[in-house]
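Engineer: Structure in C-alpha cells, see below.
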Amino acid sequence: MSSIRFDAVSKSFGAGQVKALDDVDLAIADKEFLAIVGPSGCGKTTCLRLAAGFEFPTSGRVLVGNAEVREPGPDRAVVFQQFALFPWKTVVENIELGLRNRNMPREERRIRVMEAVELIGLNGYEGAYPHQLSGGMQQRVAIARAYVLDPQVLLMDEPFGALDAQTRVVMQEELVRLARRNPRTVLFITHGVEEAVYLADRVAIMTRRPGRLKEIVDVKSIREAEGWERYSRIEDVMDLESFVHLRTHIWRSLREEKTGAAH
Amino acid sequence: MTGALDPARRMVLGLAGLVGFFGLWALVAASGLVGKAFLPGPLEVAERLVTLLHTSFAGGTLPQHLASSLQRFSAGYLLAAAVGVPLGLLMGRFRLLDDIVSPLFDALRFIAPIAWVPFAALWFGTGFGGPVLIIFSGAFPPCLLNAYRGARQVDPRYIEAAEMLGTPTHRLILEVLLPAATPSIVAGLRIGAGLGWQSLVGAELIVASTGVGYMMVQAQSGVATATVMVGMAAIGLVGVLIDIALRALEARIHNRLARA
Ligand SMILES: Nc1ncnc2c1ncn2[C@@H]1O[C@H](COP(=O)(O)OP(=O)(O)OP(=O)(O)O)[C@@H](O)[C@H]1O
Ligand SMILES: [Mg+2]
C-alpha cells in the first residue's frame with residue numbers, strides 16, 4: 001500500500017512571509033498516476049518535496065502508505081527538476097548508487113544498470129561524466145537513477161522538461177508502458193497539459209501562489225471509456241476528440257490562473 | 001597597462017626587488033657600519049651554507065637537521081589532516097557534533113602554537129612528541145575549518161539526492177561531501193602546511209635537541225650569525241617548496257573540477 005495523502009497541508013517559507021501552499025487536501029491512491037499542473041511558482045515542487053521528506057508542512061500532515069513522512073528514503077524515488085546528478089560520478093556510478101546502498105550483488109547490479117542505460121538510450125556513455133552530456137541526456141540519467149530503484153512511489157518534477165520533442169515522446173511512451181506493466185504510485189509535475197492528459201489517471205490543477213487545489217480532472221475513466229489504450233503512439237491519442245476536449249478544459253482552467261482573470 | 005605584459009613585468013620587478021635586497025645587504029655588511037660578527041655578507045652566508053651541507057654543527061649537518069625537522073613536521077601535519085578533515089566533514093553533516101565541538105574549538109584556536117610549547121614539553125617531552133603536538137596545533141585549525149565550511153557549502157540538492165537513494169552516512173560523507181568539499185579541503189591543507197611548518201621551527205627554538213630551529217639556537221649562543229642566517233634561509237626555502245607543491249596539487253584539482 002503506497003498511497004500519498006496531503007491532509008490540510010499548508011507550507012510557508014522564511015518566517016511565514018512566503019506562503020507556498022494553502023490548505024491542500026489531496027489523495028493519490030495506491031498505483032495511481034497523478035499529474036499536477038499549475039502556474040510557475042504556485043507550489044508544485046513544494047508538494048513533491050513534502051512527499052519526498054525534504055520539507056515538512058507548516059500545518060497539516062503528509063502521509064505515504066498511511067505513515068507520516070519523516071525523512072527521505074528509496075521507497076520514494078525522486079526525479080529532480082534540476083537533475084541533481086553527482087558531477088564527480090559517471091553515468092553508471094550515478095545510476096548504480098541506489099542499488100549499492102541496497103547491497104545488491106555486483107553482477108545483478110551490472111545487469112540492472114545496463115538495462116537502465118539501454119532504456120534511456122545512453123549506450124556508449126556509461127563512463128561519461130554529467131558535464132559531458134547534454135541537458136536532455138542528463139535528465140535521462142536522473143530518470144534512470146530513479147527507475148532502477150523500482151520504488152513503490154515515483155516523484156517526478158518536470159522530468160521531461162529538458163528533452164527535445166522526439167526524445168520526450170519516446171520517454172513518455174516508455175513511461176506509459178512501464179506504468180501499465182508495473183503500476184506504481186506516481187506524482188508527476190509538469191507544465192505540459194498534453195503530457196499530463198496523456199500520462200495521468202487524474203490531473204490536479206493548482207491556483208496561483210499561495211497554491212490551493214483548484215480542480216481535479218479525471219482522465220482515467222475517459223481514457224478507458226474511449227479506448228485510448230488501443231493507440232500506442234502519442235500523436236494518435238492526441239488527435240482523439242475526447243483527448244482534445246480534456247486538454248482544452250484544463251488549458252482554460254490554467255489560463256484563468258495565469259492571467260489572474262476573475263471567474 | 002595591458003594584461004599581456006603583466007607576467008613579464010612582474011618577473012622583472014620581483015627580480016629587481018631581490019637584487020636590491022642582496023645588494024643593500026652586501027653594501028651594509030661591507031661598509032663596516034655593523035660588526036662583522038653580527039651581519040655577515042651574503043657570500044659569507046652562502047659559504048657557510050655549503051660548509052654546513054657536509055660538516056656537523058650542533059649534532060648534525062644541515063641536511064640531517066632538516067630531515068629531523070621534516071620528520072616531525074610530517075607526523076604533526078598528517079595527524080592534523082587525519083583528524084581535522086574527517087572531523088570537519090562530520091561537523092558539517094551533524095548539527096549536534098557541530099554544536100558540541102565549535103565552542104571548544106573557537107576557544108582553543110586563539111592559543112597560538114607557540115603558546116602550546118610549555119604544555120607540550122611537559123606532557124610529551126622535547127624529543128618528538130612535544131614538537132609534534134605544536135605542529136598539530138598550528139596545522140589543525142585550517143584543516144578542520146575548511147573541511148567544515150566545504151561540507152556546509154555543498155549544494156543541498158546533492159545531499160537530498162543521496163538521501164533519497166538511501167545512502168548510508170559513511171557513504172554520504174565519502175562519496176558526496178568529500179568530493180564536493182575537495183577544493184575547500186585542499187586549500188585548508190595548504191594553509192595548514194604553512195602554519196604547521198612555521199610552528200615547527202618555533203617549537204624547535206625552545207624544545208628539541210635536533211632540527212633546524214635547534215641548530216639556530218645553538219648558533220645564536222655562540223654568536224655564529226652566519227649559521228643562524230643559513231637556518232633562516234633553509235626554513236624559508238623549505239616553506240616555499242612545500243607551498244609550491246601544495247599549490248600545484250590545488251591547481252590540478254581545480255582544473256579537474258573546473259571541467260565539471
Ligand atoms: N526554500 C524556499 N525558501 C523560500 N521560498 C521558497 C522556497 N522554496 C520555494 N519557495 C517559494 O514557494 C513558492 C512555490 O515554489 P515552488 O518551487 O513549489 O513552485 P513551482 O510550482 O514548482 O514553480 P515552477 O513551475 O516554476 O517550478 C515560490 O514562490 C517560491 O519562491
Ligand atoms: Mg517547480
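The values are calculated or read from the model by the stated rules, or taken from the named source; none is laboratory data. This structure is a prediction, so every number in the text was calculated from the model and none was measured. Note that each Cβ is placed from the backbone with ideal geometry, even for glycine, and that neighbours are counted across all protein chains shown. Accessible surface areas use protein heavy atoms only, side chains included; no ligands, DNA or RNA. Shrake-Rupley method; radii C 1.70, N 1.55, O 1.52, S 1.80 Å.
Engineer: Please list log₁₀ I(q)/I(0) at q = 0.14 Å⁻¹ for segment A:76-150, using the Debye equation with identical point scatterers on the alpha-carbon positions.
Structural biologist: So the normalised log intensities are -0.36.
Engineer: Using a 10 Å cut-off on Cβ to Cβ distances, tally the other chain neighbours for every residue of B:164-173 and report the average as a whole number.
Structural biologist: Details: counts 20, 18, 13, 6, 3, 0, 0, 3, 1, 0.
Per residue, the number of nearby Cβ atoms from other chains is 6 on average.
Engineer: Sticking with this structure for a sec: Please find, in a Gaussian network model of chain A (springs between Cα atoms separated by less than 10 Å), the residue of A:Leu34, A:Leu149, A:Leu133 whose mean-square fluctuation is greatest.
Structural biologist: A:Leu133
Engineer: A 25 angstrom limit on the alpha carbon distance is what I want to check against. Which of A:Lys44/A:Lys258; A:Lys19/A:Lys89; A:Lys19/A:Lys258 exceed it? Intermediate values should be presented prior to the final figure.
Structural biologist: Values: A:Lys44/A:Lys258 15 Å; A:Lys19/A:Lys89 37 Å; A:Lys19/A:Lys258 18 Å.
Listed pairs above 25 Å: A:Lys19/A:Lys89.
Engineer: Using only the Cα atoms of segment B:39-156, what are the Rg and Dmax in Å?
Structural biologist: Taking only Cα atoms of segment B:39-156, I get Rg and Dmax of 19.4, 60 Å.
Engineer: Stokes-Einstein diffusion coefficient for segment B:152-209 at 25 °C in a medium of 0.890 mPa s, Rh from the Kirkwood formula over Cα pairs: what value in µm²/s? Please report the intermediate quantities before stating the final value.
Structural biologist: Values: Rh = 13.9 Å.
In µm²/s, the coefficient is 177.
Engineer: In Å and on Cα atoms, what radius of gyration and Dmax does chain B show?
Structural biologist: Answer for chain B, Rg first and Dmax second: 22.6, 76 Å.
Engineer: Another question, if that's okay. Computed over the Cα atoms of the protein assembly as shown, what is the ratio Rg over Rh, Rh following Kirkwood?
Structural biologist: Numbers: Rg = 33.0 Å, Rh = 28.1 Å.
Rounded to two decimals, Rg over Rh is 1.17.
Engineer: For chain A, which semi-axes, largest first and in whole Å, follow from the square roots of 5 times the eigenvalues of its Cα gyration tensor? Before the final figure, lay out the partial values.
Structural biologist: Values: eigenvalues 170, 110, 60 Å².
Over the Cα atoms of chain A, the ellipsoid semi-axes are 29, 23, 17 Å.
Engineer: Nearest 500 deg cm²/dmol is fine: what mean residue ellipticity at 222 nm does chain B get from its DSSP H runs of n ≥ 4 alone, each adding -39,500 (n - 2.57), divided by its residue count? Could the numbers behind the result be given before it?
Structural biologist: Working: 11 runs with 203 residues, N = 260.
Using -39500 (n - 2.57) per qualifying helix, the result is -26500 deg cm²/dmol.
Engineer: At a 1.4 Å probe radius, which order do A:Met114, A:Met206 fall into by accessible area, largest first? Provide the component values of the computation, followed by the final result.
Structural biologist: Working: A:Met114 70, A:Met206 0 Å².
Correct descending sequence by accessible area is A:Met114, A:Met206.
Engineer: Right, another one. What are the semi-axes of the equivalent ellipsoid of segment B:109-260, taken as the square roots of 5 times the eigenvalues of the Cα gyration tensor, listed largest first and rounded to whole Å? Mind showing how you got there, number by number?
Structural biologist: Working: eigenvalues 310, 69, 18 Å².
That gives 39, 19, 9 Å for the three semi-axes.
Engineer: Have a look at the DSSP beta bridges in the protein assembly as shown and tell me what percent are antiparallel, nearest 5. The partial results should precede the final answer.
Structural biologist: Values: 21 of 39 bridges.
The antiparallel proportion sits near 55 percent.
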